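Some notes on the structure that comes next.
The values are calculated or read from the model by the stated rules, or taken from the named source; none is laboratory data. All values reported here derive from a predicted model rather than from experimental measurement. Note that we place each Cβ from the backbone using ideal geometry, even for glycine, and neighbour counts take in every protein chain shown. Side chains are part of the model used for accessible areas, which takes the heavy atoms of the whole protein and leaves out ligands, DNA and RNA. Shrake-Rupley method; radii C 1.70, N 1.55, O 1.52, S 1.80 Å.
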Amino acid sequence: MDQETVRTICYLARLEIDQNKSEKIQKDLETIIELIGSLQSIDTSDIEPLYNPLEMTAFKHEDLVISDNKKNKFLKNAAESNEDYFLVPRVVE
Amino acid sequence: MSIQFKSITELNELLDNKAISVSELTQESIQLAKKYDELNCFVTLNEENSSKKASSIDRDKKNTSLLSGIPLAQKDLFCTKGLRTTCSSKILSNFIPPYSATVVEKLEDAGSITIGKTNMDEFAMGSSNETSFFGSVHNPWKKGFVPGGSSGGSAAAVAAGIVPAATGTDTGGSIRQPAAHCGITGLKPTYGRISRWGMIAFASSLDQAGPLARSAEDCAILLNSMSGYDSKDTTSLNSDVPNFLENINQSIKGKKIGIIKEFDLSGLDTEVQKRFDESKKAYENLGAEFIEVSLPNISASVPTYYSIAPAECSSNLSRYDGVRFGHRAENTDDLNDLYIKSRSEGFGDEVKRRILIGTYALSSGYYDAYYKKAQQVRRLIKNDFDQVFKSIDLLMTPTSPNSAFKFESKGTQNPVELYLEDLFTISSNLAGLPAISIPHGQVHSLPVGLQLIGNFLREDLLLNAAHVFQQNSDFHNAKPNLENFK
Amino acid sequence: MSWETVIGLETHVQLSTKTKLFSRASTAFGASPNTNVNLIDCGLPGVLPSVNKEAFYKAIRFGMAIGAHINQTSIFDRKNYFYADLPKGYQITQMDLPIVLGGSIEILTDDSTKTINITRAHLEEDAGKSIHDEFDGFSAIDLNRAGTPLLEIVSEPEISSAKEAVAYMKAMHQLVTYLDVSDGNMAQGSLRCDANVSIRKRGDSELGIRTEIKNINSFKFIEKAINFEIKRQIKVLESGKKVTQETRLYDSAKDETRPMRSKEFANDYRYFPEPDLLPVVISDDEMQKIKDEFPELPTEKEIRYQKEYGLSSYDAQIIASSKSMADFFESSLSGVKNYSLLANWLIGEISAYLNKELIEIHESKLNPENIAMLINRIDDQTISGKIGKSIFEEMCIYGSSPDQIIESKGLKQITDDDSIEKVVDEVIRNNSEQVQGYKSGKEKLFGFFVGQVMKKTQGKANPQTVNKILKEKLKK
Ligand SMILES: [Mg+2]
Ligand SMILES: [Zn+2]
């Protein structure tokens, strides 16, 4: 895992790493990647992935509205909001 | 009268005989939490609401359920309406949920009283409770030693006798391992047995809530209330929930217990091996039969888990972006800067590490090699379990390769060192199977746990086997000396 | 040099369900900001999605209508990216196993038809809305729309002009409204598209580098945006440069496309199966139920209108082409005897009015009962067609019933011979000069007499009776 890759995944994850920790973190990531890379030696051809231990199918909800307006509580939990909206720094498209 | 270390059944008797009121009981439990503040079990105490609810139960005299009036602690990743829920993370340090988790609702509906929210590894990522934004939890058995993780606060609070039981969550061992390190009983139920609604997600396909208590019997009491289908969690199981107390006393004579060939215990501490052999004997005396079984892919559990869990977590934790709730960084240039600074300030190192690993494992070009591959191996592991459960009733392993260790002694140089702590517990999460850890003695004056793994939905058998063991031994009654924490 | 345009469209159709795709909050348009938002839509910690049955049924109905394969087991995936109006940091969509695969749509191009193949159609949730220009220094987030079910329909790159793209979108609009899958309201964003446009030398087999124009939401803008983009790309290519693969926005005020400013240096969505949702399975019984309840499509209606109501093929086609027109026609039918007269009015007067006002019939004050009454009054000669038109104008404005208007204004047609004879006699008496002229052979003057009679009766006299009596009287 090179520095460029670390930079890319940091950006994708919207995280930045302290300058003084970056070497350690890069090393940690390499160790972990090495650990999970050990799976390569297992033959999994024709094996369906098991994405969930419950091999069931989804329940589907009826198309009936349950009103549950918690606008004020939601907006109160936000770091910045006005009486109607969540606010973020202005986005220029 | 001290209520410390009393079981739910004992407390019920006291309440029934009017030896103590619910208000007194609640008050004492909160006093104990305060007295052992140094353990750092609690992130938030729920003092005011607890005493309100206690006096209303005293007034109404409706003592119908076994949990009525019983003080409990909730792991701080269950949302509690109006009560701060942090996941022991800076990023949620100011979060007040507008709703309660189904688990909390069910336990409270049964009459229990939530006295507080327990400390944990940040977002349940860790095996030592050292990743909490609110600081490490001490093991009640030894100051400066970890209680295990991630449900470390819950385990320590029960072990210190502050509450008779607490909730936890288990993604790779997070109930069982701290239960083992703290000398109490912890059950991870079948995936889907308990609703995940309101339980803050770490890895969706692995997370499962469960009880921690001083005995299997008390775990059964909690499990009775916690279980059941919930239409809000479409991954919860729509199947009958038995009364887990009903057959808990049954003899286990003739039950076949599997010992996993691939788990070579000879490399472990000789004391750990000794405890294991002694427990094996104890079970033989109870009439169980031991069979060596092979789970050829089980050694791949740790790498499989550390590919799947971080991948799911990297996505589950994207919602912590500083926009709608949680920590938001100040003085940011633009939206991207806001995301990066809020998240970087809000998450601790281990959480960041796992998000990065997961992001990497899912990124284009690596998905097939890491994430998909791991889910394929996961099926192989599950197939192995399906195979062995055709001929046996339970599997038995140590819960953890070691007893509790000193703060900052593991994983600081190499995180994988700590990941290997979960060697015995992880595979049941991958396969969705229930498993329990019960105390079975001590190693170097710290408790160690014995793990039993059951087949799909066989919590009844696990609790039964654990209970008869506890009926015939005294390990679960051992109490730590808390002198050092006053 | 001769250039060829290749266009593929990704159409987002907002499904007309009552609740969201993964929650039971309302999808109603126009609610006050952030009020149709529940715990799930807000992406709070600890919440879990559940899937909307009706959204699946609507998607399947669409798939059946275009002759596609329906995946009775389909899977949701997460598409991970950060944006202010995307509450969870990922969109739940379908990647590997979409509900609809293949199929095709017929479009009308200059009097001929062309088949556009559909690659796939999948269910996904909409994002919220960002408002960028109303608050100083801030963008404001409204999550009402977050989680609204969308069907994203991806066409093969088989569209070769802006005109064809418009025809495709019109066909899509007709289809989704007909199927009652969507209200098709483009102004409210219920139907919008991304256009992938590329240019290549005529005869080349390889596709050129494409750009994607995002979120176009009117037929007019689709045509303008694509035409602008075609011209721009040709200019780039003719100057010997290469087209940059990028996402562009259409600015209708300037009538141009321009690259989106928010550029990401790495766009890696890290799709993976949504672990909070198990595979969604549609049973054979459910499939049968959807088939049984399948709505009638335009061509079927066209044939039935001709057979059952004796409409001309021209009338039948025009009425059947619009779902709202066909619905109106069908609900007016029960009270009407003269179906062709009803059809004539729908195609003539009523359509003209709607076109002028730029509204759909259900948005007007007209209702089937009143139109049926109007048609009947003309048909049974209570009023003349001309009076009918003036009554119609009033109906459009006030929504009043024709009988009310006829009553209050005394517009009832005069049909009895005696009353008309009186007026005819008076006209003949007062216009002896013209009577002379007519009798001496100026037969064109007949119209003058009719006009005079109608004027005196305020148009209420039955024209046939007037003609008959006038002819008799003028012979004498
Ligand atoms: Mg698209
Ligand atoms: Zn889309």
Span from the segment C:407-431 Cα centroid across to the segment B:409-486 one, whole angstrom:
106 Å
Would you please give the FRET efficiency between C:Lys473 and C:Asp416, computed as 1/(1 + (r/R0)^6) with r the Cβ-Cβ distance and R0 = 25 Å, to the nearest 0.05?
0.95
Would you calculate a helix-derived [θ] at 222 nm for chain C, using -39,500 (n - 2.57) for each DSSP H run of n ≥ 4 and dividing by the full residue count, to the nearest 500?
-12000 deg cm²/dmol
In whole angstrom, how far apart do the alpha carbon centroids of segment C:83-102 and segment B:101-143 sit?
34 Å
Sum of side-chain charges, B:Gly148 neighbourhood, beta-carbon under 12 Å (Lys, Arg +1; Asp, Glu -1):
-3
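So how much accessible surface do B and C hide from each other in total, probe 1.4 Å, in square angstrom to the nearest 100?
Details: alone 18550 and 25230 Å², together 41060 Å².
Buried area (both sides, nearest 100 Å²): 2700 Å².
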Quick one: compute the contact order of chain B, relative version, from alpha carbon pairs under 8 angstrom and 6+ residues apart, as a percent.
18 percent
Mean per-residue count of partner chain Cβ within 10 Å for C:30-41 equals 5
Simple spin-label estimate for B:Ile291/B:Asp368, 7 Å along Cα→Cβ, in nm, reads 4.0 nm
For chain C, compute Rg over Rh where Rg is the Cα radius of gyration and Rh is the Kirkwood radius from the inverse mean 1/r over Cα pairs.
1.12
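Using only Cα atoms, figure out Rg for chain B and give it as a multiple of 2.2 N^0.38 Å.
Numbers: Rg = 21.1 Å, N = 486, 2.2 N^0.38 = 23.1 Å.
Here the answer is 0.92, to two decimals.
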Positive-end residue, chain C charge dipole about Cα centroid, Cβ charges, pick of C:Asn462, C:Phe76, C:Phe228:
C:Asn462
Tell me, what % of the accessible area of chain B is carbon and sulfur with a 1.4 angstrom probe?
44 percent
What pairs from C:Lys337/C:Lys389; B:Lys18/B:Lys486; B:Lys6/B:Lys188; C:Lys20/C:Lys224; B:Lys372/C:Lys79; A:Lys71/B:Lys81 go past 24 Å between their alpha carbons?
B:Lys18/B:Lys486; C:Lys20/C:Lys224
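Using the alpha carbons of segment B:1-110, what is the convex hull volume per residue in cubic angstrom, as a whole number? Could the numbers behind the result be given before it?
On the way: hull volume 11.3 nm³, N = 110.
That works out to 103 Å³ per residue.
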Report, in degrees rounded to the nearest 10, the 0 to 90 angle that the Cα long axis of helix C:298-309 makes with the longest principal axis of chain C.
20 degrees
Please go through segment C:213-284 and write out the trypsin sites (Lys or Arg not before Pro) that DSSP classes as loop and that have at most 11 other C-beta atoms within 10 Å.
C:Lys241, C:Lys242, C:Lys254, C:Arg261, C:Lys263
Once accessible area is computed for B alone, A alone and the pair with a 1.4 Å probe, the total buried surface, to the nearest 100 Å², works out to 5400 Å²
Grab the beta carbon distance between C:Asp380 and C:Leu97, set R0 = 41 Å, and tell me the FRET efficiency rounded to 0.05.
0.10
For the pair B:Gln413 and C:Ser218, how long in nm is the line joining their label points, each one 7 Å along Cα→Cβ?
7.0 nm
Separation in nanometres of the label points that stand 7 Å from Cα toward Cβ, at B:Glu278 and A:Lys27:
4.0 nm
Enter the mean number of other protein chain beta carbons within 10 Å of the beta carbon of each residue in C:54-60, as an integer.
2
Full-stretch length increase - C:Thr244, C:Thr299 - with 0.36 nm per residue and alpha-carbon distance subtracted
15.5 nm
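If you keep only loop residues by DSSP, which trypsin sites (Lys or Arg not before Pro) in segment B:1-77 have at most 13 other Cβ atoms within 10 Å of their Cβ?
On the way: sites: B:Lys6, B:Lys18, B:Lys34, B:Lys35, B:Lys52, B:Lys53, B:Arg59, B:Lys61, B:Lys62, B:Lys75; in loops: B:Lys6, B:Lys18, B:Lys61, B:Lys62.
Sites meeting the loop and neighbour criteria: B:Lys18, B:Lys61, B:Lys62.
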Estimated FRET transfer efficiency (C:Phe446, C:Lys356; beta-carbon r; R0 35 Å; 0.05)
0.50
0 to 90° range, to nearest 10: angle between helix A:3-12 axis and chain A longest Cα axis:
20 degrees
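Using a/c under 1.5 as the rounded threshold, could you call segment C:136-295 rounded, prolate or oblate? The axes a ≥ b ≥ c are square roots of the C-alpha gyration tensor eigenvalues, and prolate needs a/b larger than b/c, oblate otherwise.
prolate
Roll a 1.4 Å probe over the protein chains and send me the accessible area per residue for the protein assembly as shown in Å².
Details: 41860 Å² over 1055 residues.
Solvent-accessible surface per residue comes out at 40 Å².
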Protein accessible surface hidden between C and A, which excludes ligands and nucleic acids, total in Å², probe 1.4 Å
4400 Å²
When only alpha-carbon atoms are used, what values of Rg and Dmax, in angstrom, describe segment C:3-286?
19.1, 60
By the mean-Cβ-within-10 Å protection proxy, highest first, A:24-37, C:288-301, B:463-476 rank as B:463-476, A:24-37, C:288-301
How big is Rg to Rh over segment C:417-475, alpha-carbon atoms, Rh as the Kirkwood inverse-mean-distance radius?
0.93
Which order do B:Tyr306, C:Tyr83, B:Tyr229 take by accessible area at a 1.4 Å probe, largest first?
B:Tyr229, C:Tyr83, B:Tyr306
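When all alpha-carbon pairs of the protein assembly as shown are counted, what percent fall beyond 43 Å?
Working: 267873 of 555985 pairs.
Percentage above 43 Å: 48.
Compute the length gained on full extension between B:Glu330 and B:Glu24: take 0.36 nm times their separation in residues and subtract their Cα-Cα distance, giving the result in nm to one decimal.
Once the chain is fully extended between B:Glu330 and B:Glu24, it gains 105.7 nm.
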Round to the nearest 10 and give me the degree value, 0 to 90, for the angle of helix C:323-333's Cα axis relative to the longest principal axis of chain C.
40 degrees
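Segment C:207-261: D in µm²/s via Stokes-Einstein (Kirkwood Rh, Cα pairs, 4 °C, 1.567 mPa s)? Mind showing how you got there, number by number?
Values: Rh = 11.5 Å.
This corresponds to a translational diffusion coefficient of 112 µm²/s.
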Most positive-pole-ward Cα, B:Ala404, B:Gln442, B:Gln471, against dipole of segment B:344-486 from beta carbon charges
B:Ala404
Residue order for A:Val92, B:Val377 - accessible surface, 1.4 angstrom probe, largest first:
A:Val92, B:Val377
